[in-house]
Amino acid sequence: MSTTAIDYNGLIPNNVELGADPRVKRALESWHPGYINWWNDMGPEGFQKSLVYLRTAVSVDAKGWAKFDYIRMPEYRWGVLLAPPVEDRKIPFGTHRGEPAWQEVPGEYRAMLRRLIVIQGDTEPASVEQQRHLGKTAPSLYDLRNLFQVNVEEGRHLWAMVYLLQKYFGTDGREEAEALLQRRSGDPDTPRMLGAFNEKTPDWLSFFMFTFFTDRDGKMQLESLAQSGFDPLSRTCRFMLTEEAHHMFVGETGVTRVIQRTCEAMKEAGIGDPYDKEAVRKLGVIDLPTIQKKANLHFSLTLDLFGSEISTNAANAFHAGLKGRFREDKLHDDHQLESSTYPVLRLIDGKIKNEDAPALSALNMRLRDDYVGDCNNGMNRWNKVTEKYGIPFQMKLPHVAFRRHIGEFSNIKADVAGIVLSDAAWQKRKDEFLPSDDDRAFIESLMRPQATPGKFAPWIAPPKVGIDNKPGEFEYVKII
Ligand SMILES: [Fe+2]
Ligand SMILES: [Fe+2]
């Protein structure tokens, strides 16, 4: 079997020759029923019998890996798919740089590697749990299908991490794989591991912001892990990245369509002032300042996922060759960073200042900087829409010190421009920066399902093109 072809014959589709590995095959087969139970309990609420026009990977090479068809979500063929191996691959960074990439877990780094895999793995089912109620209020069948596509692929990402745990980490890997099915997003006793994955995704604007901002964190983490000297992790993450691109597409185009609909409605009604909230809301669309507040919320939540700006864990993982930088292979330096520095934003005597820190300790900061750049590119595309309609409003990322719970700025309050505020000033002004109860109630009032093929809820524009080039009235979900 070639390494790009996928074997769909057994219970678990794979391109890792599971048939020749009875121990791992058995372990995954015995994990399977627990996974299906989790999906039924915590996956999308309702719609499990509906036929959804989903893509499934048929090969893992760069082009044409997706096959579209109607399937019921519980029958989605979740499996273990790795990108093809790179011949003679070497460890690309850290103290082992230039040595052959590891095909087995390096004993001295076992615990560190397992932790990286578990943390990544935990985010995958968490987002499915966060999004489970959204089907009921989908603004169109097109959007409903996109939600479910994201959900089944996050499920597959869990499979990807569980495969690594089962194959390479013995008994404790099996225990971790079980635990991934036990934790629950937002549960006070058994929460998911990272803060942003315990927040609610209460409405579709949040869903689009989440897939724009938080799935983009996923992309950054996967890009760094795709550089790993542990080759099975690298190959796993490389294939996950091809799926991840669609999740960010859903977020970016989703917000674009919301902004577009607002601009259209304002134009039609002759409203030129984007801050005339009441007049805009009367049109049944979301005013631009409220969209900005949602972006502020999701951006700040997601920044916390990068951890502390100065981090020994990040330094150790890089030094060991386990987790690299964003697109490490495209960077031109010594890839060891023992003697270089990196500018880090810090809180010094109550002021936010740049300070050079050892580059190894500053790797979280560096990844976060790369992330912020990537977010800015997407946001610039949103701003093209308001420009096109001649509406004087530009979306802007808040300052990285805004509303943080982890790292340098977790003990201060700062506004969206990074000005430090007293607690009292923050309390007084926070509704300027973040969705207020009133904003939330308004958005909630718009969340009415639209399940007629080709029709869209009035607060969001249709997409430019359909999925798999399907025409506008295509029935992406046959609701049963
Ligand atoms: Fe994922
Ligand atoms: Fe994702």
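Filter segment 149-165 down to residues that are near ligand 1 (Cβ under 8 Å from one of its atoms) and among the hydroxyl-bearing types (Ser, Thr, Tyr), then give me how many there are.
Looking only at that region, the number is 0.
Hey, can you tell me all the residues within segment 300-326 that are part of a helix (DSSP H, G or I) and either within 16 Å of the chain's Cα centre (by Cα) or modelled with pLDDT under 95 (or both)?
SER300, LEU301, THR302, LEU303, ASP304, LEU305, PHE306
Would you mind stating whether SER224 is within 16 Å of ligand 2 (Cβ to nearest atom) and either over 20 Å from LYS384 (Cβ atoms) or of a type in the set (Phe, Trp, Tyr) (or both)?
Yes: the conditions hold for SER224.
Are there any pairs with C-beta distances below 7 angstrom linking a residue in segment 283-301 that is farther than 16 Å from THR262 by Cα to a residue that is of a type in the set (Lys, Arg), with the two at least 6 apart or on different chains, and if so which?
SER300/ARG403; SER300/ARG404
Please name all residue pairs, on different chains or six or more residues apart, with Cβ atoms under 6 Å, provided the first residue is in segment 351-379 and is touching a residue at least 12 places away in the same chain (Cβ under 8 Å) and part of a strand (DSSP E or B) and the second residue is open to solvent by 50 Å² or more (accessible area, probe 1.4 Å) and not β-branched (Val, Ile, Thr).
Listed pairs, sorted by first residue: GLU355/ARG346; ASP356/PRO343.
From LEU233, LEU297, which residue is more than 16 Å from ligand 2 (Cβ to nearest atom), crowded, with 24+ Cβ neighbours inside 10 Å and part of a helix (DSSP H, G or I)?
On inspection, the qualifying residue turns out to be LEU233.
Taking the options ILE286, ILE271, name whichever one is of a type outside the set (Asp, Glu), more than 14 Å from TRP459 (Cα to Cα) and not in a helix (DSSP H, G or I).
ILE271
Which residues, counting only those in segment 348-390, are surrounded by fewer than 16 Cβ atoms within 10 Å (Cβ to Cβ) and among the basic types (Lys, Arg)?
Hits for segment 348-390 are LYS351, LYS353, ARG381, LYS384, LYS388.
Given (1) over 27 Å from ARG368 (Cα atoms); (2) within 16 Å of ligand 1 (Cβ to nearest atom), where does ASP276 come up short, assuming only one miss?
With respect to (1) over 27 Å from ARG368 (Cα atoms); (2) within 16 Å of ligand 1 (Cβ to nearest atom), ASP276 is out only on (2).
Quick check: anything in segment 143-159 of a type in the set (S, T, N, Q), open to solvent by 40 Å² or more (accessible area, probe 1.4 Å) and out of contact with any helix residue (DSSP H, G or I) (no Cβ under 6 Å at 6 or more places or on another chain)?
no
Condition first: open to solvent by 20 Å² or more (accessible area, probe 1.4 Å), part of a loop (DSSP other than H, G, I, E, B), of a type outside the set (Ser, Thr, Tyr) and more than 26 Å from VAL258 (Cβ to Cβ). Now tell me which residues in segment 408-454 satisfy that.
The answer is GLU408, ASN411, ILE412, ILE419.
Have a look at PHE169, PHE212 and point out the one that is aromatic (Phe, Trp, Tyr), in contact (Cβ under 8 Å) with a residue 12 or more places away in the chain, touching a helix residue (DSSP H, G or I) at 6+ places or on another chain (Cβ under 8 Å) and within 16 Å of ligand 2 (Cβ to nearest atom).
One residue alone meets the criteria, PHE212.
For ARG238, all conditions in the list (1) open to solvent by 10 Å² or more (accessible area, probe 1.4 Å); (2) of a type outside the set (Phe, Trp, Tyr); (3) under 29 Å from GLN292 (Cα atoms); (4) within 16 Å of ligand 2 (Cβ to nearest atom) hold save one; what is the number of the exception?
Condition (3) is where ARG238 drops out.
Which residue pairs have Cβ atoms closer than 6 Å, lie 6 or more positions apart in sequence or on different chains, and pair a first residue in segment 192-209 that is over 15 Å from ASP304 (Cα atoms) with a second residue that is surrounded by fewer than 19 Cβ atoms within 10 Å (Cβ to Cβ) and hydrophobic (A, V, I, L, M, F, W, C)?
Close Cβ pairs satisfying both conditions: ASP203/MET447.
The values are calculated or read from the model by the stated rules, or taken from the named source; none is laboratory data. Just so it is clear, the model here is predicted, and its values are computed rather than measured. Note: ideal-geometry Cβ built from the backbone for every residue, glycine included; neighbour counts use all protein chains shown. The accessibility values were calculated without ligands, DNA or RNA, using every heavy atom of the protein model including side chains. Shrake-Rupley method; radii C 1.70, N 1.55, O 1.52, S 1.80 Å.
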